[in-house]
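One structure is given here, and the rest of the page talks about it.
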Amino acid sequence: MSAVEISPAAGTDQEARAEAARTRRNWLLSLPAVILLLFAASGPLVIVLIYSFLTPGDYSGVKWIPTFDAWTSILFSRDIFDDTLRLADAHLTIFWRSASLSLLTTLITFLLGFPTAYFIATRPPRQRGLWLFLITIPFWTNLLIRTFAIMEVIRNEGLLNKLLMMTGLISEPLQILYSDTAVLIGMAYVYLPLMVLPLYAALERFDFRLVEAGYDLYAGRWMVLRKVILPLVKPGIVAGSILVFMPSLGAYVTPRVLGGGKHMMIGSFIELQFGQGRNWPLGASLSMLLLLIVGIGLFFYVRAMSKEKAHD
Amino acid sequence: MRSPTLLIAAGALLAATGLAHAEGELNIFNWGDYTSPELIKKFEEKYDVKVTVTDYDSNTTALTKVSAGGHGFDIVVPSANYVPIFVGEGLLLEARPDQMENFKNVSKRWRDVPWDPGRHYTVPWQWGTTGVAVNKTAYSGNVNTSAIFMDPPEELVGKVNVIPEMSDVMAMAVWYAGGGVCTQDKTVLKKVRDLLVAAKPKWMSMDYGMSDKLSNNDVLASVNWSGSTFRARLNNPDVVYGYPQEGYPVWMDSVAILKDAKNVDNAKLFMNFIMEPENAAMISAFARYANGIDGSQEFMPENMRTAPEVNVPEEFAAAGQFLPTCPPAVQKMYTAIWTEVMK
Amino acid sequence: MTDTTAPRPRRKAFSVRTMPGFSSIAIVCFLALYAPIVVIVVYSFNSGNSIALWEGLSLKWYATAWQNDAVQEATIRSVIIAAFASVISTVVATMAALGTTHGGDFRGRTVIYLLINQPLMVPEIVTAVALLIFFSMIRIATGYSGLAYLIAAHAAFCVPFAYLPIRARLEGMDTMLELAAADLYATPWRAFRRVTLPLMAPGIVAGAMLAFVISLDDVIITEFVKAAGQDTLPTYMLGQLRRAITPEVNAISTILLAITVILLTLFFILTRKRSPKA
């Protein structure tokens, strides 16, 4: 693989050629993934982009009349009663709620997932596969049935409340179901493996002699954790938080079932436009905007992370 | 995936589903958990046809998929308000079920319906109502009103569920506020919005699956479908079904043949087959809704024949109305109000 | 914590690997993960029609599931799609991770990176609608309407889930070993197989597992892409959602879990026999 790289570069010409060869090789390696995604994920999104500039069809779909309405109506909506143009605060509220809930989910899964991944990575090598499977097996059951089972655990007469009342921690059952807490519990549950597995992948190669060196230098555990372990598993943290944050932004089933569906999230709002709302262009423009924001965010996030790494 | 048997099985499955449709097949595209397996088995045996049932979860999904084309379905079962859209977009075959042998069994009420005048395209599958289910131990007042969710009584505050069906809920709210179906009257709509915004904090949730939650008292009242409430009552006798006197939606799902169907003859056989009272009763026994075929009653389970959820009592019949599909301009306002309420 | 005057070997007893509280959090996590699973298994033996109202012990729903061809076919179809999709996405993701992580920056790397993560950036419904329209055109043009569309859609959607763990593993991985192998005149392919691949393995395993469960769970894209007779277990359940979900699906899930556990146990017993020393 690296034969090209280690051939001693004699002159800039040869260097440039090696560089070109490397670029070509890297592109070739990435090509199958690129083709697959262009064919069955990103490519067809061009259709959605086009739709965002069209007029909603009478009953579904679109009419081929170009307009910017869908885009302007994201931010400004004409009041249906006094016909004034004003800021679409409903959209902003929904967007803000989704973003903050996703951020919290990411944080919770990290706080739970990091110790779990650490635990797995420090098991004897033979056992690690088993523990990994133990993390993923619950996810072999269907998402809907799992969500309903979580509901069964947290409802007023459910397992959790019974347990808490038995231990005497509470005397009245807690109304957890249909609250933001319920949504957070459910999302943390659903997305935990998405955090644990990348963290594990990064932690597993971790060289514990470094920790030992840290202790030898009289660093405390906290210090070792912060200054030695966390920086080295940063790629895992990046991967895990991307995998949790972005899908939870569009989460649909969990907020609806556990949160009682009283508050819309960006996922269900876009769903409404493609479904009963019969406004495909608005759904299309909203999702394209989301794509743009998240894409730019990801771009800077990854760049900031790799810069920091270069400084280390 | 190393296992060769699995690979072979997978290969076979890939090939089988990819082939063009052979003779003796029928592909039904229906709501999930809505098609009686016994009915299908009986049809398969009688006509030696292999039937495949594929599920959808909403009218919009069905419409979107069918209008995209290349789906391979023969039969679809849209709700009344979607039939004109399917017809208007040229997606349905004019199969003329009204000229079929068993059409004589269709109840008078369902023969000439506004969404399919003279029944040139569709035959009844099942029909039901959207009303309110209330646990009578929690609230003993009048249940035949939309006030149960539009202005919940003290006892029910915080324990009310509303199914997240925009068209049903908006229609009930408009009737409650004194308007008519698909109204554009802004004073009415403003009232609707204000009422909904005021009522929402008193709701517990907006969710489906109420037959369980009504059964185990997680929810004490809900905007709910008749059949679902019927199932809840079988588990929990305290549940009663109210028909709001201000107005409540009646709906019917009807069987239609698609224009690009590959097995038109079998599809027509199926249409005729389900208009047979005995067969229609099988549909109802499975999904727990009425079917619109005369004489099917006697083949139904005993507890369905008398159920007040399935058989609308005389005094409430007048308040029930079919929901048409509102014009796009009206739809836009309704969606805006819905978004405002749900944000 | 440890006696500082103790000789060096005693110092080892203070395990450098343990972080206080980490194991407890991990154990709580595992228990919490399995609590709903216990509920699912228990209700699969419910004699009533509800997944939330216990009425008594019975095997009724296993019998129901056994007789229900539709749900069995849907389950098998789900597993087959997930198997194909996870293998495909893991292979392409592994290659892409090698291409984009190994050996520094190159022109277009960020573009590839963003493209690979694109499926995560929009709600599934958007991809679903786009794919429905695009695949319908292909279906009409070619006449083929098999499972390949679903597999392709799932595989593409799963790529980021496989890619990110593998990349996390590769990033900062020691390239010295590979270079050493090359110095020892190993062919690039041999160096890759003997050195790089084993080092990457934990990342690949993690990625493949994620891809598998993501595909197994996918509902919205499947609902829109599927053609006649292509229901999967999740779309079958989606159809039940509006009415009432019965313990039949619990029974199916329990069987699936049981099969998984048996296969895993067998796998671990067999590999233990083959390599007594890890």
Built amide H within the under 5 Å cut-off of B:Trp125, gap 5+: B:Asp253, B:Ser254, B:Val255
Shielding of B:105-113 by partner chains, average beta-carbon count, 10 Å: 0
C:Ile27 paired with C:Trp66, simple spin-label distance in nm, labels 7 Å along Cα-to-beta-carbon: 4.0 nm
Residue-averaged [θ]222 nm for chain B, counting only DSSP H segments that reach four residues, each worth -39500 (n - 2.57): -11000 deg cm²/dmol
Paired Rg and Dmax values of the protein assembly as shown, which use every Cα atom, in angstrom: 29.3, 101
Computed [θ] at 222 nm, helices only, for chain C once each DSSP H run of length n ≥ 4 contributes -39500 (n - 2.57): -22500 deg cm²/dmol
Over chain A, volume per residue of the alpha carbon convex hull, in Å³: 239 Å³
Farthest positive-ward along the protein assembly as shown dipole, Cα basis, beta-carbon charges - from B:Phe316, A:Val183, A:Trp64: A:Val183
Per-peptide average of other Cβ atoms within 10 Å, ordering B:130-138, C:86-94, C:252-260 highest first: C:86-94, B:130-138, C:252-260
Loop-located trypsin sites (Lys or Arg not before Pro) in the range A:229-278, at most 13 other Cβ atoms within 10 Å (DSSP): none
Mean separation of Cα contacts under 8 Å, 6 or more apart, over the residue count of chain B: relative contact order %: 25 percent
A:Ser179 versus B:Val264: modelled label distance in nm, points set 7 Å from Cα along the beta carbon direction: 6.1 nm
Three principal axis lengths of the range B:219-274 [C-alpha, angstrom, descending]: 48, 28, 18
DSSP-assigned coil residues among chymotrypsin sites (Phe, Trp or Tyr not before Pro) in the range B:55-88, each with at most 15 further Cβ atoms within 10 Å: none
Residue mean of other protein chain beta carbons inside 10 Å, B:198-208: 4
Over the range C:70-246, relative contact order from alpha-carbon pairs under 8 Å, at least 6 apart, %: 41 percent
Aspartates and glutamates with Cα under 12 Å of A:Lys162, excluding same-chain neighbours fewer than 8 positions away: A:Glu152, A:Glu172
Shielding score for A:204-210, defined as the mean number of other chain Cβ atoms within 10 Å: 3
Restricting the range A:89-165 to chymotrypsin sites (Phe, Trp or Tyr not before Pro) in coil, as DSSP defines it, with at most 11 other Cβ within 10 Å: none
Listed peptides C:235-246, B:256-267 by packing density, highest first (mean Cβ within 10 Å): C:235-246, B:256-267
All lysines inside 25 Å of A:Lys227 as judged from Cα atoms, apart from same-chain residues fewer than 8 positions distant: A:Lys307, A:Lys309, C:Lys12
Average Cα contact separation per residue, chain A, under 8 Å, 6 or more apart, as relative contact order %: 25 percent
Calculated FRET efficiency for the pair A:Ile296/A:Ala20, C-beta based, R₀ 35 Å, to 0.05: 0.75
Set B:Lys190/B:Lys343; C:Lys60/C:Lys226; A:Lys262/B:Lys213; B:Lys136/B:Lys191 screened for pairs whose C-alpha atoms are more than 19 Å apart: C:Lys60/C:Lys226; B:Lys136/B:Lys191
Per-bin percent of Cα-Cα distances, chain B [20 Å]: 29, 54, 17, 0
Hz values of 3J(HN,Hα) by residue in the range C:132-142 - Karplus curve (6.51, -1.76, 1.60), Gly and Pro given as x: 4, 5, 5, 5, 4, 4, 5, 4, 5, 6, 9
Positive minus negative residues near A:Pro198 (Lys, Arg vs Asp, Glu; Cβ under 9 Å): +2
Helix-only CD estimate at 222 nm, as mean residue ellipticity for chain A, using -39500 (n - 2.57) per DSSP H run (n ≥ 4): -22000 deg cm²/dmol
The range C:70-246: C-alpha pair distances exceeding 26 Å, %: 40 percent
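Each value in this text was obtained by applying a stated rule to the coordinates, not by laboratory testing. Predicted model only: the values in this text are computed from it and were never measured. So basically every Cβ, Gly included, is an ideal-geometry build from the backbone, and we count neighbours across all protein chains shown.
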